[in-house]
Amino acid sequence: GLGFNIVGGTDQQYIANDNSIYVSWIKKDGAAYLDGRLQEGDRIVAINGKDLKDLRHKDAVELFRNAGYYVSLKIQRRLQPQNGPVCHGGDGESGGLPLAAILVPGLALAAAAVWILLRYRQRM
């Protein structure tokens, strides 16, 4: 097999109002694990060019079982790991700190440094 399990589908929604197929578990030392690119929580958009949109779970499983030796997956990476259902972004961007979380403290430090420098110069 491919070395991972899937959840989801029109008849077994993993996330409310979402018919998508998700990776629920990756078998250690299986094909997906050894490849290293697939992660638990990833949404699988297509397999070998076949869109997985609005499929029943068992139909998606059949596509994976009959995928062949060479498999191409189109996935959408989750934004943040969390307990329970995984939150997914609309554009597939990976998680990380928002730019503002880095810029705002940096600008505050720079402003404080300039203010201290100006105060220090006035006393000279």
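The values are calculated or read from the model by the stated rules, or taken from the named source; none is laboratory data. Owing to the predicted nature of the structure, the values given are computational and were not obtained by experimental measurement. All accessible areas refer to the heavy atoms of the entire protein, side chains included, with ligands and DNA or RNA removed. Shrake-Rupley method; radii C 1.70, N 1.55, O 1.52, S 1.80 Å.
Surface composition of the stretch 4-76: carbon plus sulfur atoms contribute 46% of the solvent-accessible area (1.4 Å probe, protein chains only, all chains present). In this structure the stretch 4-76 gives 64 Å² per residue of accessible area when probed at 1.4 Å with all protein chains present.
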